[in-house]
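Rule-based calculations on the coordinates, nothing more; no lab input. Model, not experiment: these values are computed from the prediction. No Cβ is skipped: glycine too gets one built from the backbone with ideal geometry, and neighbour counts run over all protein chains shown.
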Amino acid sequence: MTTQVRTEPITVNLGPQHPSTHGVFRMRVTFDGEEIIDVEPIFGYLHRGSEKLAEERTYVQVVTLTDRMDYVGSMLNNQAYMLAVEKLAGVEPSPRGVWLRMIASELQRIASHLVAVGFLIQDLGAWGTPLIYTMREREKILDLFEMLCGARITNSYLRPGGVFMDAPEEFWPAMNAVLDELPPRIDDLDDLLTDNDIIFSRTKGVSVLTPEQMLDASITGPMLRAAGVDWDLRHRDPYDYYDQVTFERPLHTAGDNFARYWVRVQEMRESIKIVRQCEKLIEPGPVRPDHDDVPWLLRPPVGDAYAAIEHSKGELGFYLVSDGSISPYRCHVRAPSLINLTLLREMLVGELLADMFVSFGSVDINMGEVDR
Amino acid sequence: MIGLGLLKAMKVTLKNALKAPFTIQYPDRKVGIIGAAKNEGKSTVGLMATQPVTAAKAALSMYSVPVNIPQNRRFRGNEFTWYEDRCTGCASCAKYCPLGIIEIVTSPGGFDVQEGESYAIDKFDIDIGRCMFCGLCVEACPYDALHMGSQFERSKYERDALVIPVDELRQALRQPSSWFRPQFEERDYDPFRDGPEDDHYKTGRHEMPDQETLDQRWVEDR
């Protein structure tokens, strides 16, 4: 004889001070047993008003704000902002500066993907070891950034038309050493995780998103490529000198957590290839335009400009409106983290409690960028 | 096949388990008797004979030696290096600071090696409690008077103590970082290796103008 147990859904507040939410993010989740039946994401706990602050700073001073938006991808943020400023002010960038910022941003992409992979595995419950492996490699890239610009996280390396200072002599051998060391380490990561049955059973077929769903929600980046849509701004709409380098775009068709992880690991290898090509193509010369051409107090003509790059998380765009003064009239950021989170409900409903933070981590969000 | 992937993963774990740890102990690390003897400048036997308490401590791994982590020379440190002889009091740094944390008060009647007669600096306060070390003030300085420093162990217990007043800047250890100062890299100056640089003539991008030029400028200005 079976007894009927009466159950009812329970609503749990997760966050904002939850160690697994990658920052201060709050979800109001309704569970039926262990199954998620409703998710309500609540943003805004890390809102610092970066867009508003940009309106009272000069165009160069805003660089320091972009560092703090996505703090694991500062170089990429700088690059997107500088492209927008150059478009707005009609600045012709210096070739060596552009190559240097491509090198810097590709290194930053590797570092950012390392963080994404490491924390995804940590969310799976592998406390420590894989995360420390990825952090060890990221540390070496941050050391390179310290050589370039004296800071590890808040770089502020780029300036309108190039970079603020040429790379020091010791940078190139150090970079080559890191690039030689990275592929075996990524292979190690592959051996450790990609063929791992535990990872398979935890991530395959979990939180599947179809390409149609993602295109409707304008999701970009590794999430979209994990579902088989070949959309990479470096290839589709080349900015800087990405049309002069060749690289492959790893695609996966599953669209689940494992595919997102797999695409990130493969993209690291492609980034290494791009850095190597940049190193061959770079030529001596000035790293930023003359002070007479690009003064420190830029006064772009009245108008607006939008420039977007392929950030490690998706399409990062800066929309700047100028009223002819020394500071932007309006600065809007199209943040990939925020827009990639819009399908969180579709991803999580029907999944289990244990998979919730794995799916959440596989989006690779950064709360500094979500709330800005 | 189920299990093969796990074996591959275990291989990686084993490979890394046999390696030395890459963790850097900071600010000090524990050493044994041999390390303690090296730090005290004695042989191991000598240490045990002369300082038995220290040797015993080291044997119980209670003895630690400080660890210095060398930074790169462009490192943007937690204090500023300022050469008063070079500063004209133009306040470009204060205008260029995104946070407005530099306070400058000047009065007529000073002298500097760049322009000859100029303003005297009465107040040059930097509130590093609010500073984000972007280095834009250093980039803005047209006379290479302000440099990023290279120190970083400078935490304080009070917020007020984080404001660097001008007197402290005058007496501070001058160990400038080469952030936005290519002249340092041209002559291969490394603050962590070469120590303080007190000679303000060596820190500029430009040659110092001779007395005749300075006099001529003085005439032209009037």
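Results, tabulated for the structure shown:
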{"read-out": "Shielding by partners, peptide A:184-194 (average Cβ within 10 angstrom, other chains)", "value": "3"}
{"read-out": "Exposed GluC sites (Glu not before Pro) absent: longest stretch of chain B, with sites in DSSP loops and at most 14 other Cβ within 10 Å deemed exposed", "value": "B:1-152"}
{"read-out": "Mean projected area (nm²) of the alpha-carbon convex hull when the stretch A:80-188 is viewed from all directions", "value": "7.6"}
{"read-out": "Surface/4 of the Cα convex hull for the stretch A:1-150, nm²", "value": "13.4"}
{"read-out": "Pairs beyond 28 Å (Cα-Cα), from A:K280/B:K15; B:K19/B:K42; A:K140/B:K15; A:K140/B:K8; A:K52/A:K87", "value": "A:K280/B:K15; B:K19/B:K42"}
{"read-out": "Pair B:Q51, B:L14: separation of 7 Å Cα→Cβ label points (nm)", "value": "4.4"}
{"read-out": "Cα convex hull of chain A, projected area averaged across orientations, nm²", "value": "19.6"}
{"read-out": "Amide H partners (placed H, <5 Å) of B:R174, local residues excluded", "value": "B:E197"}
{"read-out": "In degrees, nearest ten, helix A:95-123 long axis to first principal axis of chain A (Cα)", "value": "10"}
{"read-out": "Extreme residue, positive dipole direction of the protein assembly as shown, given options A:M356, B:A55, A:V370 (C-beta unit charges)", "value": "B:A55"}
{"read-out": "Additional length obtainable on full extension of the chain from A:E212 to A:N13, 0.36 nm per residue less Cα span", "value": "68.6 nm"}
{"read-out": "Loop-located trypsin sites (Lys or Arg not before Pro) in the stretch B:1-96 whose Cβ has at most 16 other Cβ within 10 Å (DSSP)", "value": "B:K19"}
{"read-out": "C-alpha long axis of helix B:4-17 to longest principal axis of chain B, angle in °", "value": "70"}
{"read-out": "3J(HN,Hα) from dihedral phi, the stretch A:147-164, Karplus parametrisation 6.51/-1.76/1.60, rounded to Hz, x for glycine, proline", "value": "5, 6, 9, x, 9, 9, 10, 8, 5, 6, 8, 8, 10, x, x, x, 10, 6"}
{"read-out": "Charge dipole magnitude, Cβ of K and R +1, D and E -1 - the protein assembly as shown, Cα centre, debye nearest 20", "value": "1800"}
{"read-out": "Rule-of-thumb Rg ratio for the stretch A:36-109 [Cα; 2.2 N^0.38 Å; N residues]", "value": "1.40"}
{"read-out": "Size of charge dipole - the stretch B:1-97 - debye, nearest 20, with Cβ of Lys, Arg +1 and Asp, Glu -1, no other charges", "value": "580"}
{"read-out": "From phi via Karplus (6.51, -1.76, 1.60), per-residue ³J(HN,Hα) for the stretch B:46-56 in Hz, x at Gly/Pro", "value": "x, 5, 5, 6, 8, 10, x, 5, 4, 5, 5"}
{"read-out": "Cα-centred dipole magnitude for chain B, charges only on beta-carbon of K, R (+1) and D, E (-1), debye, nearest 20", "value": "2400"}
{"read-out": "Low-density loop positions, trypsin sites (Lys or Arg not before Pro), the stretch B:137-166 - DSSP coil, at most 12 other Cβ in 10 Å", "value": "B:K156, B:R159"}
{"read-out": "Restricting the stretch A:198-275 to GluC sites (Glu not before Pro) in coil, as DSSP defines it, with at most 10 other Cβ within 10 Å", "value": "none"}
{"read-out": "Relative contact order of chain A, pairs being alpha-carbon contacts under 8 Å that are 6 or more residues apart, as %", "value": "27"}
{"read-out": "Extension reserve of the A:I42-A:F200 stretch, reckoned as 0.36 nm per residue once the Cα distance is removed", "value": "53.8 nm"}
{"read-out": "Cut-off under 5 Å, modelled amide H: who pairs with A:R334 long-range", "value": "A:G317, A:F318, A:Y319"}
{"read-out": "Gyration tensor (alpha-carbon) shape descriptor, the stretch B:19-117, a/c threshold 1.5", "value": "prolate"}
{"read-out": "Binned Cα-Cα distance frequencies in the stretch B:77-203 - 5 Å width, integer %", "value": "2, 11, 21, 25, 21, 13, 5, 1, 0"}
{"read-out": "C-alpha center-to-center spacing [the stretch A:156-230, the stretch A:115-129] in angstrom", "value": "15"}
{"read-out": "Potential extension, B:S107-B:D188 segment - 0.36 nm per residue separation minus Cα distance", "value": "25.5 nm"}
{"read-out": "Distance (nanometres) between label positions extended 7 Å along Cα→Cβ at A:R345 and A:E169", "value": "6.1"}
{"read-out": "Alpha-carbon centroid distance for the pair the stretch A:13-52 / the stretch A:243-313, whole angstrom", "value": "31"}
{"read-out": "Max mean-square fluctuation residue, GNM over chain A, Cα-Cα springs under 10 Å, options A:L224, A:L316, A:L215", "value": "A:L215"}
{"read-out": "Rounded tilt (10° steps) of A:171-189 against the dominant C-alpha axis of chain A", "value": "20"}
{"read-out": "Helical contribution to [θ] at 222 nm, DSSP H n ≥ 4, -39,500 (n - 2.57), averaged over chain B, rounded to 500", "value": "-8500 deg cm²/dmol"}
